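Since the structure comes first, as structure tokens, the remarks are kept for the end.
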Amino acid sequence: MAIPAHLESSPPSESRRGPPRRRIRLPSHAKDADIDANVMIHNISATGLLVETDLALGIGDRIEIGLPHAGATAIEVIWASGRLYGCRFGRPITPATLSAAQLRGAIGSELAEPAESPAGEESFGARLQRLRSERGITQAELATELGVSEPSISAWETDKARPKVGRVDSLAQLLGVSTRELLGDEDRTKLQDLVADAKVRIAEAAGARPDQVKIIIEY
């Protein structure tokens with residue numbers, strides 16, 4: 001589960017020289033509903049986590065993240081791939097801290113609102129719903145064909161979630177359109193991010209680095 005968070009920077013104190021101090025703040029409860037989320041935390045574990053952000057980070061950068069039961073905890077960026085950054089804790093966190101941080105993810109999901117598309121642009125969810133309705137296919141029928149739950153289809157159509165990269169092709173075939181038509185111009189611009197995310201997942205499964213994974217797309 002992704003956790004919306006805010007990465008803030010503060011200049012070093014007069015007694016210290018060096019790069020700005022960076023700290024990640026996680027949502028805690030309803031008062032954080034207006035948190036200015038500029039990073040997303042993925043795959044948090046006892047030894048590290050994955051940061052997704054448009055902010056520029058570098059390998060070796062050190063960041064503090066406020067974790068429940070642990071307070072300010074140091075993480076270090078150990079690899080980068082596009083908008084994704086793999087980070088390692090200075091020391092493994094406890095099971096209690098991990099569980100509480102994952103709970104923050106549930107809170108963050110409840111607080112987060114679906115991203116709105118710019119005026120005049122059709123979001124992926126709206127496009128999927130239109131194509132499905134035009135073909136007279138119900139959410140239940142589409143879910144059965146794809147082997148997913150009906151709530152998953154509903155989440156896709158309301159832009160609360162996205163299908164996995166490998167499922168997009170199957171979805172396009174069922175709707176009788178090309179993958180490009182299903183994704184639309186807006187989503188094609190995100191192809192680099194999708195590929196980067198896929199590389200991370202493949203690398204994790206294979207015990208390799210993302211830069212060792214090569215993906216070829218044939219149209």
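The values are calculated or read from the model by the stated rules, or taken from the named source; none is laboratory data. Since the model is a prediction, treat every value here as computed from it, not as a measurement. Note that we place each Cβ from the backbone using ideal geometry, even for glycine, and neighbour counts take in every protein chain shown.
Quick notes
- When restricted to residues that are free of Cβ contacts under 8 Å to residues at least 12 places away in the same chain and within 17 Å of residue 133 (Cα to Cα), the stretch 155-177 contains 3.
- Contacts under 7 angstrom Cβ, first residue in the stretch 200-213 being in contact (Cβ under 8 Å) with a residue 12 or more places away in the chain and more than 13 Å from residue 80 (Cα to Cα), partner acidic (Asp, Glu) and assigned to a helix (DSSP H, G or I), 6 or more apart: none
Results for (1) touching a Ser or Thr at 6+ places or on another chain (Cβ under 7 Å); (2) farther than 25 Å from residue 77 by Cβ; (3) modelled with pLDDT of 85 or more, shown as yes or no for each residue.
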| residue | (1), (2), (3) |
| --- | --- |
| 142 | no, yes, yes |
| 154 | no, yes, no |
| 165 | no, no, no |
| 171 | no, yes, yes |
| 176 | no, yes, yes |
| 186 | yes, yes, no |
| 193 | no, no, no |
| 208 | no, no, no |
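- Matching residues, the stretch 126-154, being of a type in the set (Val, Ile, Thr), touching a residue at least 12 places away in the same chain (Cβ under 8 Å) and assigned to a helix (DSSP H, G or I): 153
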